[in-house]
Amino acid sequence: MKSQVQQWSSWRSREFVVREAGDTGPIALAVRGVFGAAIDISSLRRTETTVEGGGPSTTVWGAGRRRFIVPSEFNSVDVFRRSVGSSSASGFGPWKVTRLADEEIEIAAGHMSGRGPWVLRVGDSRTELRIIWNEGKHPGTLTLFGPGPGGDKEFRNDNRTRETISVTGPGYLLLDADHWTLDTC
């Protein structure tokens with residue numbers, strides 16, 4: 001996982017390449033939305049002649065902030081800006097996407113808790129994660145983005161609000177829940 005500062009911003013929809021030649025591993029991005037609009041973010045595979053979708057995607061509503069992971073096998077991101085509700089206006093101001101350096105992402109260690117989708121980093125060693133989703137009321141989702149194509153794995157069980165998961169690194173964890181609590185062992 002390379003530490004490289006890159007930023008993209010626009011008032012319009014736009015696609016941009018986030019992975020340069022020789023750049024491997026998943027890429028963590030911080031996304032800031034637009035007041036009065038929604039932006040849809042998708043991972044793409046771009047070559048000189050083709051563009052393929054099928055990667056992770058998410059929506060940021062209004063001026064919200066979210067972290068997003070581009071898996072190892074994808075090299076481009078598409079940001080589609082759209083109006084919300086019955087308005088024909090597409091909000092005020094530009095959206096912004098920033099590539100996060102490894103140092104900007106917390107390492108999953110000890111006791112941690114948070115709200116909303118969040119990204120944590122895991123090291124090279126095997127780690128046990130004990131997670132409580134939404135204060136034990138309803139399940140959440142954890143996705144591990146590891147190095148190399150096919151290194152991603154989603155952990156989701158619609159019937160479990162508490163679980164213990166074993167992960168090996170290096171990589172990023174995307175925890176997606178209203179509230180989560182995590183302990184490492």
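Label point 7 Å out from Glu163 along Cα-to-Cβ: which residues of the range 120-138 have amide N under 17 Å?
Those under the cut-off are 120, 127-138.
I need the peptides 109-117, 48-56 ranked by packing, meaning the mean over residues of other C-beta atoms within 10 angstrom, with the highest value on top.
Per-residue mean Cβ counts within 10 Å order the peptides as 109-117, 48-56.
First compute the accessible area of the chain with a 1.4 Å probe, then give the percent of it belonging to carbon and sulfur atoms.
48 percent
Using the alpha carbons of the range 57-185, what is the convex hull volume per residue in cubic angstrom, as a whole number?
131 Å³
Could you work out the percent of alpha carbon pairs in the range 24-120 separated by over 16 Å, rounded to a whole number?
Result for the distance tail: 61 percent.
Lys and Arg at +1, Asp and Glu at -1: add these up for the other residues within a Cβ distance under 15 Å of Arg160 and post the number.
Charge balance near Arg160 sits at -1.
Hey, how many Å between the Cα centroid of the range 134-153 and the Cα centroid of the range 57-74?
Cα centroid to Cα centroid, the span is 14 Å.
Can you list the trypsin sites (Lys or Arg not before Pro) in the range 141-185 that are in a DSSP coil and have 15 or fewer other beta carbons within 10 angstrom?
In loop regions of the range 141-185 (DSSP not H, G, I, E or B), the sparsely surrounded trypsin sites (Lys or Arg not before Pro) are Arg160.
The values are calculated or read from the model by the stated rules, or taken from the named source; none is laboratory data. As the structure is a prediction and not an experimental result, all values here were calculated from the model. All Cβ positions, glycine included, derive from the backbone under ideal geometry; neighbour counts span all protein chains shown. For the accessible areas, the whole protein counts, side chains as well, though only heavy atoms, and no ligand, DNA or RNA atoms are used. Shrake-Rupley method; radii C 1.70, N 1.55, O 1.52, S 1.80 Å.
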